[in-house]
Every structure is written in C-alpha cells, then in structure tokens.
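Here's the structure, in structure tokens; my notes come after.
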Amino acid sequence: MLTFYNEHHAQHAGRGHFALDRGELAPCSEKPERVAIVLKECERRGLGAIVTPHGVPLMTLERVHSPRYLHFLRNAWSEWIGLDPRHAGKDALPRVWPVRTLRSDIEPDDFGARLGLYSMDAGTPLTNGTWIAAKTGADCAVNAAHALQRGERGTFALTRPPGHHAGSDFFGGACFLNNAALAAQHLLDDGLERVAILDLDYHHGNGTQGIFYHRNDVLFVSIHADPRVAYPFYLGHADETGSGAGLGYNTNIPLAPGCGSGAWFAALETACLKIAMARPQALVVSLGVDTAAQGQDPRFGLQGGDFLRIGERIAHLGLPTAFVFEGGKAGPELGIHTVNVLEGYETAAE
C-alpha cells in the first residue's frame, strides 16, 4: 500500500497545546505521537512505500472550503501574534461564537470574534504550525486520491491534524481541513461520477456530512457513537438522510457506547451494503480506530483482530480505496489497530 506521510504534522503542537475541558485547560489528546506510532508500525510490517506528497494549489482546497475561511486560516497566527508579541508563547482559542439569531455573514474586525466565527469549540487550539501541518495533510489526502486514478488499488494518507470534523468554513474537533472530503472531491474532479465516503471513527464526521449533504455525487455513510452522548453532539442522528439533490445520499448509524463488537459489525455490514447499492467508482475511508476500548471507556469494544476483519470487509467491496487517518488515542495499540485495517484490506484485495 502506498502511504503519503505528512512530514510537517508535528509543527501543529504549539507552545502549550491546551484545550478548554470542563472549565480547565487540559493538554490536547490529539498530539504528534499519534502519527509517529502509526508510522513506526507501517515501517515495522513493511506495509509498502512511504512517500511525501506533492503540494496542491490553493484552488484545490477551495473546491471544499470557502475562500474566506482559507484566507483566515492561512493568516490567523500572524494576526494573533500581531495583537501582542507575548501571544507567540500561547495558543489561540476562541472566546465568542455566533450562535442562533446572530449574523455570520459579516466578518468582524476583532480577531477573537473572527476566531469564534470559524470555530465550533474551545478544544481545537490554533498554533504557529497549524496551517503548514493542515495544508500538508490536505496534500496527502489529495495525492492519495490521485494515486488511485493512476492505478493504485489502495492508498493511505498518514497525517494530522485529522479532518472529518472540519466543515467548509469552520474548524473543530482537532480538525482544520477536511482531508476525506478533499480526497473525494479530487476523485470527482479527476473524472469519476460517483464516490462514497465511509467514516469509521468513534465520533460522527459532522464536517464531511455538511459538505456533501445537498449533493448526490458523494454518498456519506458513518458509524459512530450516538451524538446525544458523544461529540459532536449536534449532528449524526439517523434521521439525517440528505437534502434536495442529496436526499438519500447520507446515512448515519449511531450506536450506544458499549454496545459491543457484534452490534458494530452488524452496522458495518449495513454500511457496506448501502455503499454497494450506490455503485460508487471509488471509496474514501475516514479511518478512526478510537472504536477500541480506551481505559475505563468501553467505546465499541473492538480488539486487534477486529481491525483486520474491517479491512477485509472493505476490500470485498472491490473498490479503489483511499484511507485517511482520523482518530485514536496515542498508545501502542493505535499503530497496531490502524495497520491491521490496512493489512486486512491488502491481504483480501490480492
């Protein structure tokens, strides 16, 4: 499997890299060690060639993200430290949001207000290296998609920050640019007519859903924890099936935390049947492996061998597939679970 590796991902770490959690600043769980663990496991198992991506033009990102948002993201750090040189030692977090009845069409001059305009939470700090890390991650995803059109059977975008919570004009959930959406859009721009996205992260890919919700050229299918009790809380319910031309092209399968692997694999089978019926020409997988138990949190209870089965089932769809790295807690299991999916896919696809 050809892997596109984001060599600049660690620049998104900041000075403190803290998130606001339950009234306190806590260290971010989305940290550089995550990619380092997966990279080491890819190398240990000899998964395949690991390359750095070619840079893609900004107009490629504008196929998914609004120009206004991209302009802000590119210049945000310079503006942040321009307010006060002492800000160079701090990460930027929003302090106000345009909730219902407030306008979002006019961009405020105040930096803190603009930061809130483009953010959905206080758990996604913007740092000195955020733009270069996120942009190179987008390069990885687009390159991974393009390689499918050049004949690769399966590719992997190994990058952080992750992407599936990022919308067309906002960041959140540790995500800034939506890598899976950019990969799917590039496949369409490369000449395909129908693409599917399968989101396997424990948390719903609200950003990806929002980007394609009104469209019928991308099928989005997500298996995730019930949003009534899990982030992102405000999206991911089963009755969200698309709108307008996109009606029927959005499928959410929310599950109760702790439901167990049996329920999860039944949901995977439903998802795969939905994808097969749509007859896409390629598949993008938002590969989160945070479905395994994490300490006292049972999640969906998936274990090492289960991730091999996931890869095998995806391979049986018979589609060129680009995997995009999303969630998972830093630890030895992160690399094992992630590469198990990829290895399972590779073995079954041979």
Can you tell me which residue among 207, 236 is crowded, with 24+ Cβ neighbours inside 10 Å and either more than 16 Å from the chain's Cα centre (by Cα) or farther than 17 Å from residue 291 by Cβ (or both)? 207
Which one is farthest from the chain's Cα centre (by Cα), of the residues in segment 246-293 that are in contact (Cβ under 8 Å) with a residue 60 or more places away in the chain and open to solvent by 60 Å² or more (accessible area, probe 1.4 Å)? 279
For segment 294-324: of the residues being among the acidic types (Asp, Glu) and closer than 27 Å to residue 32 by Cβ, which is most open to solvent (accessible area, probe 1.4 Å)? 297
Counted residues in segment 69-124 being surrounded by fewer than 19 Cβ atoms within 10 Å (Cβ to Cβ) and in contact with a His (Cβ under 8 Å, 6 or more places away or on another chain) come to 1
Take segment 87-111 and flag every residue that is closer than 20 Å to residue 24 by Cβ and more than 24 Å from the chain's Cα centre (by Cα). 89, 90, 95, 96
Search segment 127-161 for residues being outside any helix (DSSP H, G or I) and touching a His at 6+ places or on another chain (Cβ under 7 Å), and hand back the single one that is nearest to residue 88 (Cα to Cα). 127
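Considering only segment 65-98, how many residues are of a type in the set (Val, Ile, Thr) and at pLDDT 95 or above? Show your work before the answer.
The first filter runs over segment 65-98 and keeps only residues of a type in the set (Val, Ile, Thr), leaving 81, 96.
Those left that are additionally at pLDDT 95 or above: none.
Going through segment 65-98 one residue at a time, the tally reaches 0.
Conditions (1) farther than 15 Å from residue 198 by Cα; (2) at pLDDT 95 or above; (3) not in a strand (DSSP E or B), marked per residue:
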| position | (1), (2), (3) |
| --- | --- |
| 277 | no, yes, yes |
| 280 | no, yes, yes |
| 283 | no, yes, no |
| 309 | yes, yes, yes |
| 313 | no, yes, yes |
| 317 | no, yes, yes |
| 324 | no, yes, no |
| 328 | yes, no, yes |
Matching residues, segment 182-198, being out of contact with any His (no Cβ under 8 Å at 6 or more places or on another chain) and either surrounded by 24 or more Cβ atoms within 10 Å (Cβ to Cβ) or of a type in the set (S, T, N, Q) (or both): 182, 183, 184, 185, 187, 195, 196, 197, 198
Pairs where the first residue, in segment 308-334, is closer than 9 Å to residue 344 by Cα and the second is acidic (Asp, Glu), C-beta under 7 Å, 6+ apart: 308/343; 311/343
Scanning segment 325-343 for residues that are farther than 13 Å from residue 42 by Cα, surrounded by 19 or more Cβ atoms within 10 Å (Cβ to Cβ) and among the small types (Gly, Ala, Ser) gives 327, 328
When restricted to 7, 62, 43, the only residue open to solvent by 60 Å² or more (accessible area, probe 1.4 Å) and in contact with a Leu (Cβ under 8 Å, 6 or more places away or on another chain) is 62
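Among the residues of segment 173-180, is there at least one that is in contact with a strand residue (DSSP E or B) (Cβ under 7 Å, 6 or more places away or on another chain), open to solvent by less than 10 Å² (accessible area, probe 1.4 Å) and closer than 20 Å to residue 318 by Cα?
Taking segment 173-180 first, the residues in contact with a strand residue (DSSP E or B) (Cβ under 7 Å, 6 or more places away or on another chain) are 179-180.
Next, only the ones that are open to solvent by less than 10 Å² (accessible area, probe 1.4 Å) stay: 179-180.
From what's left, closer than 20 Å to residue 318 by Cα: 180.
Scanning segment 173-180 turns up at least one residue that is in contact with a strand residue (DSSP E or B) (Cβ under 7 Å, 6 or more places away or on another chain), open to solvent by less than 10 Å² (accessible area, probe 1.4 Å) and closer than 20 Å to residue 318 by Cα.
The values are calculated or read from the model by the stated rules, or taken from the named source; none is laboratory data. All values reported here derive from a predicted model rather than from experimental measurement. Positions of Cβ are generated from backbone atoms using ideal geometry, with glycine treated the same way; all protein chains shown enter the neighbour counts. For accessibility, only protein heavy atoms count, side chains too; no ligands or nucleic acids. Shrake-Rupley method; radii C 1.70, N 1.55, O 1.52, S 1.80 Å.
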